[in-house]
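Undergrad: After the structure tokens below, expect a handful of questions from me.
The values are calculated or read from the model by the stated rules, or taken from the named source; none is laboratory data. Just so we're clear, the structure is a prediction, and the values are computed from it rather than from any experiment. Ideal geometry is used to build each Cβ from the backbone, glycine not excepted, and the neighbour counts take in all protein chains shown. Just so you know, the surface numbers come from the protein's heavy atoms only, side chains and all, with ligands and any DNA or RNA stripped out. Shrake-Rupley method; radii C 1.70, N 1.55, O 1.52, S 1.80 Å.
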Amino acid sequence: LIKGSLRLIGAISTSETPSADEAQDALNVLNEMIDAWNNEHLMIYTAQIETFNLTASESTYTIGSGGDFNTSRPQRIEEAYIRTPTNQDLPLKLINDAEYASITVKGTTSPIPRELYDDGDYPLKKLIFWPVPSDGNYKVVLYSWKALTSFESINDQIDVPPGYQKAMRYCLALELAPEYGRAAPGEVIAIANESKAQLKRKNYDVNEASVDPALAGELKTFNWLTGQ
């Protein structure tokens, strides 16, 4: 991958191999690029679905490696549900800072929490449930997007979904060009942009529009053009 990226900007020829220092520097740049991609939702190719136990009278849980919910730290939680002992999943409302701050009685208890606040901390996030769960027989189900895996060594095997390796090679070429005092060719820039755009189109979920049942009526339809 690194050799291919360096060839794209003319830093090495087909028969050349980068030095150990050059390869390590390029690996660092590659990992920085992947780290930046982790903030672009449409570069994440799948949602992780994880289930964790809740404890009675406990409202706050850390999530991340070594946390109460011991898993890799999610970049963002997209959906959350409370799973009942009869395996029913009841939706949790994800609330922001202002909404959580506006809760005047944070110690209110209930068998089933209705809202979940993610404080976004690092390296461990804190997840706060409200009302405070009073029954330890319930679980929380989290749908989240996790960070793309970085590389530890230049000898690591590249194991990514279709299309990602091409995007990595061409985008890495753009990242490396300034380090070698070179300008990336226009064709390389175009392919880098298009390969990344293809991944985002593939990862984009089209959400169906919904309408309040009171507006839909017996036919369960609503024409947004006519308002009927």
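Undergrad: In Å², and per residue, what accessible area does region 53-135 have when probed at 1.4 Å with the other protein chains present?
TA: 55 Å²
Undergrad: Let me ask another. Using label points projected 7 Å from each Cα along Cα→Cβ, tell me how many nm separate GLU187 and ASN70, to one decimal.
TA: 5.2 nm
Undergrad: For TYR143 and THR104, what is the calculated FRET efficiency with R₀ set at 22 Å and r taken between the beta-carbons, to the nearest 0.05?
TA: 0.15
Undergrad: Rank these residues by their accessible area, most exposed first, probe 1.4 Å: LYS200, LYS146, LYS3.
TA: Sorted descending by solvent-accessible area, the residues read LYS3, LYS200, LYS146.
Undergrad: Note the full-extension length gain between ARG201 and ASN53 as 0.36 nm times their separation in residues minus their Cα-Cα distance, in nm to one decimal.
TA: My answer for the length gained is 49.8 nm.
Undergrad: Non-local amide H neighbours of VAL132 (under 5 Å, H modeled in plane, Pro and chain starts lacking H): which ones?
TA: The list, which skips near neighbours in sequence, is THR108, THR109, SER110.
Undergrad: Here's another thing I want to ask about it. Could you pull out every residue, at least 5 positions away or on a different chain, whose amide H is within less than 5 Å of the one on PHE69? Hs are placed 1.01 Å off N in the peptide plane, and Pro or chain starts have none.
TA: THR62, ILE63, GLY64
Undergrad: Under the definition of Cα pairs under 8 Å and six or more residues apart, what whole-number percent is the relative contact order of region 1-75?
TA: Result for region 1-75 is 15 percent.
Undergrad: Put SER72, SER57 in order of accessible area, largest first, 1.4 Å probe: what do you get?
TA: Per-residue accessible area, sorted high to low, gives SER57, SER72.
Undergrad: At a 1.4 Å probe radius, which order do GLU32, GLU50 fall into by accessible area, largest first?
TA: Details: GLU32 125, GLU50 35 Å².
So, going from the largest accessible area down, we get GLU32, GLU50.
Undergrad: Further question: In this model, which of LYS106/LYS146; LYS166/LYS196; LYS125/LYS146 are farther than 18 Å apart at the alpha-carbon? Before the final figure, lay out each step's value.
TA: Numbers: LYS106/LYS146 29 Å; LYS166/LYS196 9 Å; LYS125/LYS146 13 Å.
Too far apart for the 18 Å limit: LYS106/LYS146.
Undergrad: Starting from the Cα of LEU90, step 7 Å along the direction of its Cβ; do the same at ASN38; then give the gap between the two resulting points in nm.
TA: Taking the simple label geometry, LEU90 and ASN38 are separated by 3.4 nm.
Undergrad: Could you state how much accessible area ASP89 has, in square angstrom rounded to the nearest 10, with a 1.4 Å probe and all protein chains kept in place?
TA: Surface open to solvent at ASP89 totals about 60 Å².
Undergrad: In percent, how large is the relative contact order of the chain, given Cα pairs closer than 8 Å and 6 or more residues apart?
TA: Result for the chain is 27 percent.
Undergrad: Heavy atoms only, probe 1.4 Å: what % of the accessible area of the chain goes to carbon and sulfur, would you let me know?
TA: Carbon and sulfur atoms account for 47 percent of the accessible area of the chain.
Undergrad: Which loop chymotrypsin sites (Phe, Trp or Tyr not before Pro) in region 1-100, with loop taken from DSSP, have no more than 16 other Cβ atoms within 10 angstrom of their Cβ?
TA: TYR45
Undergrad: In degrees, nearest 10, range 0 to 90: what is the angle between the Cα axis of helix 20-37 and the longest Cα principal axis of the chain?
TA: Once rounded, the angle reads 30 degrees.
Undergrad: State to the nearest 20 debye the size of the charge dipole of the chain about its Cα centre, where the only charges are +1 on K and R beta carbons and -1 on D and E beta carbons.
TA: Charge dipole, the chain, about its Cα centre: 400 debye, nearest 20.
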